[in-house]
Structures are given as C-alpha cells and as structure tokens.
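The values are calculated or read from the model by the stated rules, or taken from the named source; none is laboratory data. Keep in mind that this is a model prediction, so the values were computed, not measured. Cβ coordinates were reconstructed from backbone atoms using ideal geometry, including for glycine residues, and neighbour counts include every protein chain displayed.
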Amino acid sequence: MSNKMHIKLNVNGKAEEFLAEPRELLIYTLRERLNITGPHIGCETSHCGACTVTIDGKSVKSCTMFAAQADGKEITTIEGIGGPDDLHPLQEAFKEHHGLQCGYCTPGMITRATKLLEENPTPTEEEIRFGMAGNICRCTGYQNIVKSIQAAASEMNAAKEAAE
Amino acid sequence: MKDEITREERVDNLKGMGCSRKRVEDARFTQGKGNYVDDVKLDGMLFGDFVRSPYAHARITNIDTAAALEVPGVLAVLTAADLEPLGLHWMPTLAGDKQMVLADGKVLFQGQEVAYVVAEDRYAAADGIEAVVVDYEELPVIVDPFKSLQSDVILRPDTVDENGKATDGAHGPRKHPNHIFTWEAGDKAPTEEVIANADVVAEEEMYYHRTHPCPLETCGCVASMDKVNGKLTLWGTFQAPHAIRTIVSLISGIEEHNIRVISPDIGGGFGNKVGAYPGYVCSVVASIVTGKPVKWIEDRMDNLMTTAFARDYWMKGKISATPEGKITGLHCHVTADHGGFDACADPTKFPAGFMNICTGSYDIPTAYLAVDGVYTNKAPGGVSYRCSFRVTEAVYFIERMIEVLAIKLNMDAAELRRINFIKKEQFPYTAALGWEYDSGDYHTAWDKALKAVDYGGLRAEQAQRVADFKAGKTRKLMGIGLSFFTEIVGAGPVKNCDILGLGMFDSCEIRIHPTGSAIARLGTISQGQGHATTFAQILASEIGLPADSITIEEGDTDTAPYGLGTYGSRSTPVAGAATAMAGRKIRAKAQMIAAYLLEVHDNDVEFDVDRFVVKGAPEKFKTMKEIAFAAYNQAIPGIEPGLEAVSYYDPPNMTYPFGAYICVMDIDVDTGVPDIRRFYALDDCGTRINPMIIEGQIHGGLTEALAVALGQEIAYDDMGNCKTGTLMDFFLPTAWEVPNYETDYTVTPSPHHPIGAKGVGESPHVGGVPCFSNAVQDAFRAFGNTHTNMPHDHWRIWKTANELGLHD
C-alpha cells in the first residue's frame, strides 16, 4: 500500500511527524515507530487496557485507534507521567502498596489512574473499582491497586492543600 | 570495637526473611521501563506469524504460497514440506508424544499452525497470511472424549500400526487409537471392596471444564542466529529457559553451548509459558533461513485458541463412610481430554500430574485413582494453570466429594472435614495414593478459620435466609463455601521427577564482591512473583549482608546456573532451598576467614546476624562486609581467595502447603448474579519470607480462582470451533467484580526444607476454586442441589435455580 498519510502528533511533549499507512494502529506507532514501549499490547480488542494512553485529556486504548485518528493530538504515555527524578505520586504509591506484580498492566493502569484522579480527586473505593474496570490485571486481584490509588489520592490532595 | 546500633537494628538493616520488603522490580515497571520480549528490538529484525487452520479436523490437500511471496515485505513462507528435510516438521512434546510444528497433511484443531509467514513487519506478515491459499478437505470432528473412545475415526494415524491398531504410547499400552494412556495409583480391588460394603456411599460425576491461564502478556520469542559465530540467541516468554535451551539443542542439532536463551521480564505466566510451541521452532528456523533476527508474538486469539489450555477433566467419584462420617474409601476415575496432541506439561512419570493427591487433607485408608487420557479435536496443552501439576483438579474433586458426602450424611460439611483431617501427630503421613505429606496442623487452621468468620453465626443466618426465601420475603439465597486444601508443590526429587529426562533440581550461584555486596543467579525465572526481592531476603538472613546489597539475576542461560524454571510453586521450595544452601557455603568459608582475622580457632567464632563473633566475647567480631574484603585482599593460609558458592539442590520430598478458605455469597435467584460478601483465606506456607508478597500472591490467586469458578472457560461447539477466543467471551475479572479478601495464616514449617518454606503462589487458586464453587452449590443445598458443574456464570446459576423450581 502506498496511500500513506501525513501525521503529526505530540507525544509526551515532543512533536512527532511521519508518514504512515491509514491502517497503522496507534499502539504500533508508539511502540515500533517512536520506540515508546511503556504501553503494552494485551488483547487488541479494547478489553484489557494494557495499551492505555491519554489523548487530549481522555483515557484511550491505543490498540484500537488508528494513528491517523490521533493526528494533531496530544498524547501522554507512562513515560510522560514521571521518570526517575520526578515520580508521580501514583508511581510511588503502586511501589509502596504492592500494586503490581508482573508489571505488564502497570503502565496502562497508572496512566488510567492519573485521569481517574483528575476527574475525581476523592474517589470512593467503589468509584475507583468502577473507574478502573477497563484495565485488567491478572496478578494482583486489584485489592492493592485500589489501595495504591487511594493512597496516591490522599497524597496528592494533601500536597494540593499544602500548596494552597 | 563498640557497636553503635542494637542487634535488633542490625537485623532490620538486613531486610531479611520475614519482613515486608518493598519490591526492587517496581521502579522499572511503574515507569514503563520493563523489558518484555516484545520490547526486544534488533537491527533488521523480521516478524513471523502463522496461517492457522479454520477447521478442527481436516486433510490438507494443497498449500499454495506463490501469491504470498509476491506480497510486498514478505520474505519467506515456511510449510511442513520446508521443515521436513530438517526433521523439524514435528517436535517432541513434554508428555512423551509428538506434535506437528506445521500441519503435516492434516490439522487436528482449530487454529493449528499451517504455515509460517516471515515479513518485514507485522502488517506485511498479515498481508502474506491472507495470500496463502490452503485447500482443506473436512474430516469428522470429535470434541467429546467419551465419543472419541467409541469412534472409528482415527485422529492420529501416526500412532497406529498398519492394521489401524493403537501402538504403545509413552505411558504404556493404549486401549483404542484415540486413547493416550491409562495411569493408576492406589489399590483397585480393596477400594472397590470397601466401597461395596460401606454403610454410606456418595457418588458424583463432575466436569472440571477446560480453561486457559491467559497471562496479560501472550507468548512470544525473538530468535537471532549469528551465522558468523554459529551462535543462536533466543529471547522468549519462557518459564523454564534452561529446559528450552536443551530442547532447542536436541531438536535443532545446534550444540547447547552455542545456544543462549534469555527470558526477559515476563508479563505473567500461570503455566502458559512452560511448554515449547511451534512459534519458537519456526522463528529459529526462519532466522537460520533468512540470516536475520525473527520475532514472533501471539495475538490474544492465538493465545487462547492454541497454546496451553488447562483442566478438561471428567471426574467420577465414589466416597464411602461410616454412619458417623468417618471416611473409609475413595474411588476416582478421570477421563482426560488432551486435545489433538498430548502436550501436557507434567513430570515424565506423571501423565496425570499429581492428581493422586486427591485424597486431600483427609485420613482416607483406602483409595484408587485411574486416569485415561484421550485425543480429541481440541488444542493441545494441559498445563498447570496456577497450580502444581493437576493439583487444582485433585483438590476440586475431593472438596466437592466431601460436600456431596455431607449431603448424603445430612451432616455439616465443616464438621465432616474436621473428623476426617489427618491429625498433627500423624505427620509425616503416607497417603493411600502414595505421597508422604511432610507436615501439617489442619485442626488448628480450621478452627481458627471457622472462628474468624463466626461459622455458627453464618449458618444461623443462612437458615433464617432460607426461611425468609420460602416465606417470600427475599429473592436472595446465601451460600457458605468451605474448602480445606493440601497442595503438593516443589517438584521435585530427581528420583521420581524429571521432564524429558532432566531432573527437577534447581540451583543458585553466589558471588560476594570485595566491598560486601553480592550477585546471586538462579535457575528459576520470575513472572511477577518478585524473586529479585525475596531471594535477596533469604540470602540476607543467611549471609548477613543487606538484601539491598544483593542483586538477583535469572533467566539468562549463559550466566545463570542450570535449573528447571518457575512453575508448580517450585521456586521457593527448590531454588529457595538452593539459595539458602549456597548461602551456607558462603558462611562456612566466611567463618574460617573470620577466625583467621580474629586469631582464634574456627570453632571459637559463631554467626550473629551480620558478623562472626568470638564465642563469649561479642565485642570481638568481624562483620560480613569486613570478611568479604578480607577474602579478596588477604593471603590466608589454606584458603583460596574469593568468596563464591554454588548449590544444586535436589529436594528430598515435595512440600505440602495447606489452607482453610471460607466464602460467603448472596445469590440473586432471578438474575443468577452472585455477590461475594466475604472471603477469608488462611494459608500455611511454612516459613514466611515476605508477608507483603505472600498477601499479593493470595489476592491474585483467589481472583484467578474466582474467574475459573464463576465464568472462565474455553468452550467449543460440535464443529470444534473455539467459542471463547477473545476477551469478549473469555472471562477475566475486572476490579468491579472482585471483592476484598481477608488473609490470615498459621506457620507449620516444612521439616526438610532448609528454611522451612513451602511455596504459596498457587495455594489460593487451588483452594479458591472449590471454595467459590462450594459457595454457589451450598446456596442451593436446602433446595435439593447436590452438584452442578462449573463455571457458575450468571446463566448457569439462573438455570440451577430454575431447575430446582425456584422461579415457579
């Protein structure tokens, strides 16, 4: 196929520009073209959430979106959420509360949780469980994921209060 | 020298056994910097993918690859005809059978590998697959193992002689061309006699449905043949990297020293990644053919439909007892559906795994088990999904039989368990089916569990609920699920456990660096269990260096000592033991160095947390850090420089973790929806290394148990079409469906394990499945239910209610 499309993305604050076939999936663009391997592939049917990224402020499963559909948009992956010198409170909390085991779902899980806490900074356990239901974890049974998100929410709210 | 910190602080500083040390793995995973096989990228890397059979049973009359080879980006298409000259069109299975790598004239299950397309990227490979033309001639499909044993259709013509008679299999004579083996344990005639003459006999037939481990990361590999140096490097999702190296060497003819197998980070295994799959073989061949690295990654459908199903046991039981409920005999027959090839992952001498642990936690004097393996037109596999070999099936069987017997006796099922438990003083206990249970204290655990949930109170509430239901005051029933399980893990003693002739020992190699830090390498491989955290804790306690100063490395066969890998909860029982033993070798040498430095006799110093002290004079000591440095900078007469050790550990016995689980559930009889109100899990895994990780393993295992009991299955229609090939149909619980679990424990150390640890990762799955299932079934006990098969999804629960007349 030679009907390539001209696509511009902003990924984790960096401008990217390339030619891609219309059928190229965003997860492929991220992982193969841009070498951003934090988002993972788990099902390719939108069920598991391992590929979750944030696009223009919304949680999106990048395995079922074409790169062309993301043209002109801002994308944040786990790599843009926090690194060795500036860990996000959610990254700290997942470590602290054993919110992960094999780590495969973790980037999508944390990426989704950042949006959940933006949408609702003081979620109940039920709201967390409902808000995270698009992200599957096969290892933890979710109990410590919920705990991690609760802990991060408290931490973030306390930091916000202190700043005010 | 004066100590600045207390002994307690010195213990804390080590972060050794017993502390909830935070995981060292998590920094990379939380930042998206894990390195899974699909993250491996090499220059010029190609991508391979399969043309798969749409039919469950068909003859292949032609494969035309010409058009595919014209597709831009496609470099090669491999078929069985290409592999045959290399002798690689079939491969040996772990179960002593053989399996087609690529379809050799026929296909035996839907999704079977027919051709392997090698292309520049995944998209080109997909285009190539579309362009391969395969002509199939459909054959009669058999998806029922009982029908298979009656059928004239011979599924595996390669296993019969010229008269169509079954030739002997890897496990002895076969009764029918579609029969694979009969495996027996215990005493048939005495068991039948006991049951025939018993006062009370309960009988039940149960189907433990086919399911799949379904880790979030599918299986995959990258094969890279360096033709200049003659070296093959194979990255992959391997739960047993060393065994994979040996298998690759045996089937490819490449000498083992020229093969390097690397298991990078693995995104969950649960048994799925134990076996050797056609994708691995084809990727290696493709790399040899093209001279380039070749990557193969399953998609989810490939994963669910072709690699590593679990269970699929049709179990028929009889249990006899005195009128008071003392069990006198147990009889079990299993018809095991193994699919098109017998590719079960079990120790060689155990074609039905450790199914003969099916007498459970009970003192049953007489028992007999027979298992018949059968070929059908389903995917091969038969792995142990989060359990030691077939232990989940065994525990489900006995925990259901106990419930059925309780109904027959009109007895409380908790009491029936209690009066039949093996008593503490009977350990080590030799069971009727042959295993020697190393240790246990079942009564203590059971009483603790019943008390924790106020069992009597729950039963009273349940009785009230039944009354309210009958009075029309509620449409919800209450189920109390009980299970008491004994596992058999840590395979295993080389005398009876091997896989393809490889003894199931494991290993650890330790190097202490001059400044008092260390690296230890093991023959196992973590898939999320946190080995890098916990094995460092074992070592910290054994050698007195902080866990934070010890790197744990696994999964690279060029550097790690040989071991049989991680599955069947064997890492802690076997490699954990090797780690402790290697640590003790380090300590023994350190003792001699310390004595030299302190100018006393070897026997005059003793180990104390992080140092050797002169007996009776604790102010005179050398820390392990000082000793490590001395090992590298002092010329000590009679002692070699350096501080290293290696241990290969052959366990004298299996370990036998146990536990008591109780689930309380409300069931809406009109929708069939179960609401798990409470789940209490008491585990006894012997010595506890890291309570935080133990708890995490239990949460996860229980959730996988919930999945299997309440909805997860691999189902086929009569044409052999797999009906559950995506996550739309295959149930993986989300945070929304999963309850919070209460965990508890007792500690009964294993008497033969160096640190008394027994393994824990699989207990919650093994004990959890019958517990959830018993809760559902118990809810309907008052209305005449004896047994219904899993999975108890909403529809099936509704159907049970309907059949019991609860909708009338």
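Within region B:160-183, the set of residues being surrounded by 15 or more Cβ atoms within 10 Å (Cβ to Cβ) and either over 29 Å from the mean Cα position of the chain (by Cα) or part of a strand (DSSP E or B) (or both) comprises B:V160, B:A166, B:G169, B:H176, B:P177, B:H179, B:I180, B:F181, B:T182, B:W183. Of the listed requirements (1) modelled with pLDDT of 95 or more; (2) farther than 27 Å from B:I693 by Cα, B:P618 misses just one: (1). Going residue by residue through region B:299-307, is there one that turns out to be more than 14 Å from every other protein chain (Cβ to nearest Cβ) and either without any contact (Cβ under 8 Å) to a residue 60 or more places away in the chain or closer than 27 Å to B:L102 by Cβ (or both)? Yes, region B:299-307 contains at least one residue that is more than 14 Å from every other protein chain (Cβ to nearest Cβ) and either without any contact (Cβ under 8 Å) to a residue 60 or more places away in the chain or closer than 27 Å to B:L102 by Cβ (or both).
When B:P278, B:P264 are screened for being closer than 24 Å to A:I27 by Cβ, at pLDDT 95 or above and in contact with a Phe, Trp or Tyr (Cβ under 9 Å, 6 or more places away or on another chain), only B:P264 passes.
Quick grid of which residues meet (1) surrounded by fewer than 24 Cβ atoms within 10 Å (Cβ to Cβ); (2) of a type in the set (A, V, I, L, M); (3) in contact (Cβ under 8 Å) with a residue 60 or more places away in the chain:
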position: B:H333; (1), (2), (3): yes, no, no
position: B:H338; (1), (2), (3): no, no, yes
position: B:I357; (1), (2), (3): no, yes, yes
position: B:S361; (1), (2), (3): no, no, yes
position: B:N377; (1), (2), (3): no, no, yes
position: B:R386; (1), (2), (3): no, no, yes
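Here B:F350 clears all of (1) in a strand (DSSP E or B); (2) surrounded by fewer than 24 Cβ atoms within 10 Å (Cβ to Cβ) except the condition numbered (1).
If the condition is being outside any helix (DSSP H, G or I) and in contact (Cβ under 8 Å) with a residue 24 or more places away in the chain, then region A:23-40 contributes A:R23, A:E24, A:L25, A:I36, A:G38, A:P39, A:H40. One residue stands out in region B:240-270 among those that are within 23 Å of A:Q101 (Cα to Cα) and either free of Cβ contacts under 8 Å to residues at least 24 places away in the same chain or within 12 Å of chain A (Cβ to nearest Cβ) (or both): the one that is surrounded by the fewest Cβ atoms within 10 Å (Cβ to Cβ), namely B:P264. Scanning region B:207-237 for residues that are more than 30 Å from B:P145 (Cβ to Cβ), in contact (Cβ under 8 Å) with a residue 12 or more places away in the chain and in a strand (DSSP E or B) yields B:G220, B:C221, B:V222, B:A223, B:S224, B:M225, B:K231, B:L232, B:T233, B:L234, B:W235, B:G236. Selection of region B:33-86 for residues being part of a helix (DSSP H, G or I) and of a type in the set (V, I, T) yields only B:V37. The residue that is nearest to B:L702 (Cα to Cα), counting only those in region B:778-791 that are surrounded by 24 or more Cβ atoms within 10 Å (Cβ to Cβ) and touching a helix residue (DSSP H, G or I) at 6+ places or on another chain (Cβ under 8 Å), is B:M790. Of the residues examined, B:P770 is one that is within 20 Å of the chain's Cα centre (by Cα), away from every other protein chain (no Cβ under 14 Å) and of a type outside the set (A, V, I, L, M, F, W, C).
The set of residues in region B:734-764 being more than 11 Å from chain A (Cβ to nearest Cβ), in contact with a Lys or Arg (Cβ under 9 Å, 6 or more places away or on another chain) and closer than 26 Å to B:P652 by Cβ consists of B:Y745, B:T746, B:V747, B:T748, B:P749, B:S750, B:P754, B:A757, B:G759, B:V760, B:E762. Within region B:399-413, restricting attention to residues that are in contact with a strand residue (DSSP E or B) (Cβ under 7 Å, 6 or more places away or on another chain) and surrounded by 22 or more Cβ atoms within 10 Å (Cβ to Cβ), the residue that is nearest to B:C332 (Cα to Cα) is B:M401. On inspection, B:L94 does not qualify as more than 35 Å from the chain's Cα centre (by Cα) and either surrounded by 14 or more Cβ atoms within 10 Å (Cβ to Cβ) or outside any helix (DSSP H, G or I) (or both).
When B:V613, B:V664 are checked against the criterion of being part of a strand (DSSP E or B) and in contact (Cβ under 8 Å) with a residue 60 or more places away in the chain, a single residue qualifies: B:V664.
If you go through region B:128-152 and keep only what is assigned to a loop (DSSP other than H, G, I, E, B) and without any contact (Cβ under 8 Å) to a residue 40 or more places away in the chain, you end up with B:Q150, B:S151, B:D152. Could you say whether any residue in region B:98-121 is β-branched (V, I, T), surrounded by fewer than 22 Cβ atoms within 10 Å (Cβ to Cβ), at pLDDT 95 or above and over 30 Å from B:N690 (Cα atoms)? There is no residue in region B:98-121 that is β-branched (V, I, T), surrounded by fewer than 22 Cβ atoms within 10 Å (Cβ to Cβ), at pLDDT 95 or above and over 30 Å from B:N690 (Cα atoms). Using the structure shown, decide if B:V40 is away from chain A (no Cβ under 11 Å) and not aromatic (F, W, Y). Judged against the criteria, B:V40 is not a match.
Matching residues to (1) closer than 30 Å to B:K451 by Cβ; (2) more than 14 Å from chain A (Cβ to nearest Cβ); (3) touching a Cys at 6+ places or on another chain (Cβ under 9 Å):
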{"position": "B:Y649", "(1), (2), (3)": "no, yes, yes"}
{"position": "B:Y656", "(1), (2), (3)": "yes, yes, no"}
{"position": "B:D675", "(1), (2), (3)": "yes, no, no"}
{"position": "B:F679", "(1), (2), (3)": "yes, no, yes"}
{"position": "B:C685", "(1), (2), (3)": "yes, yes, no"}
{"position": "B:I694", "(1), (2), (3)": "yes, no, yes"}
{"position": "B:A705", "(1), (2), (3)": "yes, no, yes"}
{"position": "B:D717", "(1), (2), (3)": "no, yes, no"}
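With respect to A:I41, determine if the residue is over 24 Å from B:N35 (Cα atoms) and at pLDDT 95 or above. For A:I41, the condition - over 24 Å from B:N35 (Cα atoms) and at pLDDT 95 or above - is not met.
As a summary of the residue check, B:V51 satisfies the conditions (1) at pLDDT below 95; (2) hydrophobic (A, V, I, L, M, F, W, C); (3) touching a strand residue (DSSP E or B) at 6+ places or on another chain (Cβ under 6 Å) except for the one numbered (1). Out of all the residues in region B:781-798, is one or more assigned by TED's automatic domain parsing to the domain that holds B:I667 and touching a Cys at 6+ places or on another chain (Cβ under 8 Å)? No, every residue in region B:781-798 fails to be assigned by TED's automatic domain parsing to the domain that holds B:I667 and touching a Cys at 6+ places or on another chain (Cβ under 8 Å). Only one of the listed residues (B:N785, B:N789) is modelled with pLDDT of 95 or more, polar (S, T, N, Q) and over 24 Å from the mean Cα position of the chain (by Cα). That residue is B:N785. Let me confirm something: among B:G434, B:G440, which residue is out of contact with any Gly (no Cβ under 9 Å at 6 or more places or on another chain), part of a loop (DSSP other than H, G, I, E, B) and in contact (Cβ under 8 Å) with a residue 40 or more places away in the chain? Step by step, each of B:G434, B:G440 is checked, and only B:G440 is out of contact with any Gly (no Cβ under 9 Å at 6 or more places or on another chain), part of a loop (DSSP other than H, G, I, E, B) and in contact (Cβ under 8 Å) with a residue 40 or more places away in the chain. Going residue by residue through region B:670-682, is there one that turns out to be of a type in the set (A, V, I, L, M) and under 30 Å from B:K15 (Cβ atoms)? Yes; the residues of region B:670-682 include at least one that is of a type in the set (A, V, I, L, M) and under 30 Å from B:K15 (Cβ atoms).
Mind checking which pairs have a first residue in region B:537-562 that is on the phi > 0 side of the Ramachandran plot and a second that is among the polar types (S, T, N, Q) and crowded, with 24+ Cβ neighbours inside 10 Å, Cβ under 7 Å, 6 or more apart or different chains? If the second residue must be among the polar types (S, T, N, Q) and crowded, with 24+ Cβ neighbours inside 10 Å, the pairs left are B:G555/B:S263.
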